[in-house]
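The values are calculated or read from the model by the stated rules, or taken from the named source; none is laboratory data. Just so you know, these numbers come straight off a predicted model, no measurement behind them. Backbone-built Cβ (ideal geometry, glycine too); neighbour counts: all protein chains shown. Areas reflect the complete protein model, heavy atoms only, side chains present, ligands, DNA and RNA absent. Shrake-Rupley method; radii C 1.70, N 1.55, O 1.52, S 1.80 Å.
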Amino acid sequence: MNERTARLRQESLDAVPALDPERALLMTAFYREHLGKHPVSVLRALAFLDLCQKKTVWIGPGELIVGERGPRPKAVPTYPELTCHTVEDLRILDTRPKTSYRVAEEMVAAYEREVIPYWRGRSLRDQIFAVLPTDWHEAYEAGVFTEFMEQRAPGHTVLDGKIYGRGLRDFQADIAAAKVALDFERDSEAEDKRAQLEAMAISCEALILLAERHAVEAERQAEVEPDPLRAAELRRIAEVCRRVPAQAPRDFQEALQAYWFCHQGVITELNGWDAYSPGHLDQHLWPFYQRGLKEGSLTREGARELLACFFVKFNNHTSPSKVGVTAAESGTYTDFANLNLGGLLPDGSDGSNELTDLLLEVIEELHLLQPSSNVQVSRKTPDAILKHALKVIRNGYGFPSLFNADAVVEEQLRQGKSLEDARAGGCSGCVEVGAFGKEAYILTGYFNLPKMLELALHDGLDPRTGRQLGPRTGDPATFTSFEQVIAAFEVQTRHFLDLKIRGNQVIERIYATRMPAPFLSVLTDDCIKTGRDYNAGGARYNNTFIQAVGIGSVTDSLASLKQQVFERKTLALAELVAVLDADFQDQEPLRQRLLHKTPKYGNDDDAADDLMVRVFRFLFEAIDGRPNGKGGAYRVEMLPTTCHVYFGSVCLASADGRRAGEPLSEGISPVQGADRHGPTAVLRSAAKMDHVKTGGTLLNMKFTPSLLEGEEGIDRLHHLVRTYFKLDGHHVQFNVVTAAKLREAQAHPEKNRDLIVRVAGYSDYFCDLSLELQEEIIRRTEHDTFAG
Amino acid sequence: MSAFGQPSELGRIFNVQRFSLQDGPGLRTTVFLKGCPLACAWCHNPESQSAEPELVKVEGRCIACGSCHGLDESAACVDACPTGAQQLLGREVSSAELMEEVLRDRPFFEQSGGGVTLSGGEPLLQPAFVLQVLAELRRQGIHQALDTCGLGHREDLLAAAALSDLVLFDLKHMDDGQHRAWTGAGNGAILANLEALGQVHGQIWIRVPVIPGVNDDAANLEATARFVARIPGVRRLDLLPYHSTGAAKFRRLGRAYALEQVPAPTPARMADLAGVFEAHGITTTVGGHP
């Protein structure tokens, strides 16, 4: 870091997240005036244009890459057309102890006066909830599943290389050509498509205008800037903003700025999940870097400085805040932008280059919460790149995470993508696989697997509420075989998957018809070609994911049941259910037996792992290939983010010895503390799942620093990663900290604010996590060979 | 059944340690066999010394639930214990069962150049079992290491070494009387075995535990270096600094620990000692870290 980037980094760390009413007020005024006067796609584009015309433009001191979504860093806009905060939501966000957002009294007043009265009943969330059936609501409230799209738009996507060779003016030409090609006689949707294409063209104009406003602001600052060096930088910024994104970037700075404007556009238009990401940044920037060095217009240090400025912009963009029940839960400030490094080129050759190393250096130096980063490790990735990444990981920031690029390609081929598109794809958000720039790959929500077993053991009754939630699958007292337990579990699971998918179909349709995303559509092939919106199936590929949570917990519970009830006959099933309902009251020895003397997933023990495979296969068959509303299909994903904590809180005690309310296992990691045979056994267990059939799996491992010291430590970790990937493992990430260090951070948060740990698919500040999550991370097995 | 269609030999082991990092190259699985002809005072695996199963209690895990009350100190007690505090150390496995277990990490061995190490206890106390396991590992193309204290029948050692890619050979003391005093046996047979082995095996790593006040005096180290330097098959020598992890295990077994209060040698001291061996042209590591 040089003086500039160190200062920008510190300012970003010091900035306090706050909600800002500017966007909500502009949007409300616009809708009041224009609703009903245009087709909805054009309305959305005009609303976006209005925002780009009127929003406050911010250029901070010393910045080289410019553009803020809000009027200043970490000022977070709201999206009332999607989800409208209540006054209570705003107060909770302002006062909750973790991941709070400052809310000024003027904002509360503005919400009460203008925003809430207009959007109450009109916001998309209100519309969605009004049409979903009662049983969907009941399951949702019981914690059977969550719903991603109830307050944030479908996003989950990543840009490819299309903006580095062409500008928005070129895309407007494509749009004009697509309009000319419309067949108004034979295509009954032609008029819709015309409106959609017009909307896309307007949205390009909007972003070019926003860039121009930054050019004007940079010139204004240059005029009054006493420092001639800074004044020259500002004039250069103005030049860059007049060039991109209208036209193709010519150099390294313009390339970064072109992406950043597109990023601004996507996250201003809607509050899509996972913000937006530049994808294979090292690959995209490589030609600009090479040319700059060759021509002498760029140095390695100059590139490092620009990358650092670029990183700080991501960190300034705190995730949009949620509403309703989730406003009170501990959330995260991260918005899940995730850089891909390394990987493969579309021709199948190694995609890493000198910039991969430079980016890893920047990641290590800055170690900011955002952007998150990952290395796509293929068979062809040089060991030196992987080892460089591992050395960064060894610092304990929890990033970069590591993905198996070959498996990522194979997963996509299985979904029917072309080989080139698959190779140009990668991972975003936490672990999700997609064809960058060509796919809407939508996460729809988490699904609580252990809850299904709980329902199966209660004849469909939710023991927490006493409500008959699922179908009646029989009184467990009458079950005489383990197969009957499995059968009931499968009936419950299928029932709620069906319900979840029914809800999704409704929600997808509402987005398709009422909340198009014309700017994101410009950036996503083949929306222009087909005249269809990103949210209406315009993307070349459309996959919809359901993310199953708690496979470790449900596996261990099934293994316990099978062994204790049906094989060893230690106690009857009804007795066990009664013990679980009473949360092991006066039954600690039994709980200990279930914890310590039954087969556990994560130990390479087939007695448990075979059940994991069985549950996974069932899930896959129940979900994969079912049609979604966009011409694509449903797929399985195995990641939890932090939902395993919430899902655990709605489950009673379970047969694996877990007490009522405690977190479930996360991702495909073993139950916290259940793995006792070291990392190779964990990896072998996890690899028994057929990862290629998923759209992503998440495996978390924690190492103490002592095990990773020296080149030998890096070698070991490298061998573990390579072997797991040889076994088709999709993803692995490492926490490298000591339990003592975490305890110390708990006791003295003020001294440990910068302690970043891997939570699930992302890293977060340890001190910002809820106490339960903190405890869980401490409990996760420390794979120290010298431990007991 | 073994590779050659013979019945599977049975062996007594007390642990199969995966992701083992200290017993040869790469990621390894180490099989600890139970029973040892020596009884070193510093042994960090005292549970390996007796060939018989031993009941131990891990106090930290006991919740005083009473499940084991009234039961003999036996397998029943271990079964009854819900927390795993009561443990029976030592089990009998067939070579076929052991192969199934150790081959689980095969992809890790192949990636890392690792493999399987037979350690103990003393593998040479169970020669038929060990030879069968080594033969089967060789048939499977797995790198194999034999970790021996050197005390055993010459022909068993040479047969096992012939089937091992690497032999880890311990040297504790060059003085026969001192050796006997600290390990319970003299060193004559051990040194003779090493000399014989060194003539026929080209991949021997000598391992010298450095126990302050026992074998770290200049005279003994110099004698060790001189002896080792003339063994042709020796590739390197690992100086293993004493650590007291064995103490808790001795206590758990209800046995006295002779080396209470012995401090671990400092890294600087270990580096100095390594110099003694390097002066004789021996490639030397501290703790096995090259």
(Q) Could you give the length gained by full extension between A:Asp690 and A:Glu212, i.e. 0.36 nm per residue of separation minus their alpha carbon distance, to one decimal place? (A) 167.1 nm
Q) How far is helix A:190-224 tilted off the main Cα axis of chain A, in degrees rounded to 10, range 0 to 90? A) 70 degrees
Q: Just give the residues from the stretch B:8-23 buried by at least 50 square angstrom of accessible area in the all-chains context relative to the isolated chain, probe 1.4 Å, and say none if nothing qualifies.
A: B:Arg18, B:Phe19, B:Leu21
(Q) Rounded, prolate or oblate, given the Cα gyration tensor of chain B, with a/c below 1.5 counting as rounded? (A) oblate
Q.
As a test question: what accessible area, to the nearest 10 Å², does A:His677 have when a 1.4 Å probe is rolled over all protein chains in place?
A. 100 Å²
Q: Could you compute the FRET efficiency for A:Asp606 and A:Leu413, with r as their C-beta to C-beta distance and R0 at 22 Å, rounded to 0.05?
A: 0.15
Q | Total charge dipole magnitude, the stretch A:553-652, about the Cα centre, Cβ charges on Lys, Arg, Asp, Glu only, Debye to nearest 20 | A | 240 debye
(Q) As a test of the definition: with a 1.4 Å probe, what buried accessible area, both sides summed, do you compute for B against A, in Å² to the nearest 100? (A) 2300 Å²
Q) Rounded to two decimals, what ratio of Rg to Rh does the stretch A:137-221 give with C-alpha atoms and a Kirkwood Rh? A) 1.17
Q. How many nm is it between the label spots at A:Val180 and B:Leu71, if each spot is 7 Å from the Cα in line with the beta carbon?
A. 8.6 nm
Q.
Given Cβ point charges of +1 (Lys, Arg) and -1 (Asp, Glu) and nothing else, what value in debye, to the nearest 20, does the dipole of chain A about its Cα centre take?
A. 400 debye
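So for A:Asp350, A:Asp609, what's the accessible-area order with a 1.4 Å probe, most first?
A:Asp350, A:Asp609
Order the following by accessible area, largest value first: B:Arg61, A:Arg467. Probe radius 1.4 Å; ligands, DNA and RNA are ignored.
Descending accessible area places them as A:Arg467, B:Arg61.
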Q) When DSSP assigns beta bridges and you keep just the ones with both residues in the stretch A:436-556, what percent turn out antiparallel, to the nearest 5? A) 20 percent
Q. What whole number of Å gives the distance from the Cα centroid of the stretch A:627-693 to the Cα centroid of the stretch B:232-260?
A. 40 Å
Q: Would you check the accessible area of A:Ser349, probe 1.4 Å, heavy atoms only, in square angstrom rounded to 10?
A: 40 Å²
**Q.** Heavy-atom accessible area, 1.4 Å probe, ligands and nucleic acids excluded: residues of the stretch A:585-614 down by at least 20 Å² from chain alone
**A.** A:Pro589, A:Gln592, A:Arg593, A:His596, A:Lys597, A:Asp604, A:Asp606
Q) What dipole magnitude, in Debye to the nearest 20, does the stretch B:30-119 give about its Cα centre under +1 on Lys/Arg Cβ and -1 on Asp/Glu Cβ? A) 220 debye
**Q.** For B:Leu240, distant residues with modelled amide H under 5 Å away
**A.** B:Val208, B:Val210, B:Gly287
Q: Just flag the trypsin sites (Lys or Arg not before Pro) in the stretch A:14-70 sitting in loop per DSSP whose Cβ has no more than 12 other Cβ atoms within 10 Å.
A: A:Lys37
Q) Which values, in whole Å and largest first, are the semi-axes of the equivalent ellipsoid of the stretch A:266-398 obtained as the square root of 5 times each eigenvalue of the Cα gyration tensor? A) 29, 17, 15
Q | Estimated FRET transfer efficiency (A:Gln505, A:Ala739; beta-carbon r; R0 56 Å; 0.05) | A | 0.80
Q.
To test your reading of the geometry: what angle, between 0 and 90 degrees and rounded to tens, separates the Cα axis of helix A:252-269 from the longest principal axis of chain A?
A. 70 degrees
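Which chymotrypsin sites (Phe, Trp or Tyr not before Pro) from the stretch A:18-94 combine a DSSP loop assignment with at most 10 other Cβ atoms within 10 Å?
Listed in order of number, the matching sites amount to none.
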Q. What whole-number value in Å² describes the accessible area per residue of the protein assembly as shown for a 1.4 Å probe?
A. 35 Å²
Q) Which value does Rg/Rh take for the stretch A:233-340 over its C-alpha atoms, Rh per Kirkwood? A) 1.05
(Q) Explain nothing, just compute: Karplus ³J(HN,Hα) = 6.51 cos²θ - 1.76 cosθ + 1.60, θ = phi - 60°, for every residue of the stretch A:104-112 in order, whole Hz, x for Gly and Pro. (A) 6, 4, 4, 5, 4, 5, 5, 5, 5
(Q) For a quick check: with amide H placed at 1.01 Å from N, whose amide H comes under 5 Å from A:Leu339's, ignoring anything fewer than 5 positions away on the same chain? (A) A:Ser372, A:Ser373, A:Asn374
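Based on the Kirkwood radius over alpha-carbon pairs, what value in µm²/s does the Stokes-Einstein equation return for the translational diffusion coefficient of the protein assembly as shown at 4 °C and 1.567 mPa s?
Details: Rh = 31.7 Å.
For the chosen part, D equals 41 µm²/s.
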Q | Cα-Cα pairs of the stretch A:436-491 separated by more than 18 Å (percent) | A | 42 percent
Q: For the stretch B:21-89 and the stretch A:213-260, write down the distance between their C-alpha centroids in whole Å.
A: 70 Å
Q: Specify the residue with the greatest mean-square fluctuation among B:Thr183, B:Thr266, B:Thr224, computed from a Gaussian network of chain B linking alpha-carbon atoms under 10 Å apart.
A: B:Thr266
Q. Once the Cβ-Cβ distance between A:Arg230 and B:Ala181 is put in as r, and R0 is 60 Å, what FRET efficiency do you end up with, to the nearest 0.05?
A. 0.15
Q.
Suppose each label sits 7 Å from its Cα in the direction of the beta carbon; what would the A:Arg514-B:Leu10 distance come out to in nanometres?
A. 7.4 nm
Q) In what order, largest first, do B:Trp182, B:Trp42 sit by accessible area if the probe radius is 1.4 Å? A) B:Trp182, B:Trp42
Q.
Can you order the peptides B:83-96, A:157-170, A:474-487 by their average number of other Cβ atoms within 10 Å per residue, highest first?
A. A:157-170, B:83-96, A:474-487
Q: Mind checking B:69-82 for the average number of partner chain beta-carbons within 10 Å of each residue's beta-carbon?
A: 1
Q) Carbon and sulfur: what percent of the stretch A:60-123's accessible surface (1.4 Å probe)? A) 52 percent
(Q) Looking only at chain B, where both bridge partners belong to it, what percent of the DSSP beta bridges are antiparallel (to the nearest 5)? (A) 35 percent
Q: Work from the charge dipole of the protein assembly as shown (Cβ charges, +1 for Lys and Arg, -1 for Asp and Glu, about the Cα centre) and give the residue of A:Ile510, B:His201, A:Tyr724 farthest towards its positive end.
A: A:Ile510
Q: May I ask you to list the GluC sites (Glu not before Pro) in the stretch A:677-753 that are in a DSSP loop and have at most 14 other Cβ atoms within 10 Å of their Cβ?
A: A:Glu709
Q: Pop a pseudo-label 7 angstrom from the Cα along the beta-carbon direction at both A:Glu775 and B:Glu100 and give the gap in nm to one decimal.
A: 4.0 nm
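Could you give the length gained on full extension between B:Val58 and B:Ala229, defined as 0.36 nm per residue of separation minus the Cα-Cα distance, in nm?
57.2 nm
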Q.
Placing +1 on the Cβ of each Lys and Arg and -1 on the Cβ of each Asp and Glu in chain A, which of A:Tyr118, A:Leu699, A:Ala173 has its Cα farthest towards the positive end of the resulting dipole?
A. A:Ala173
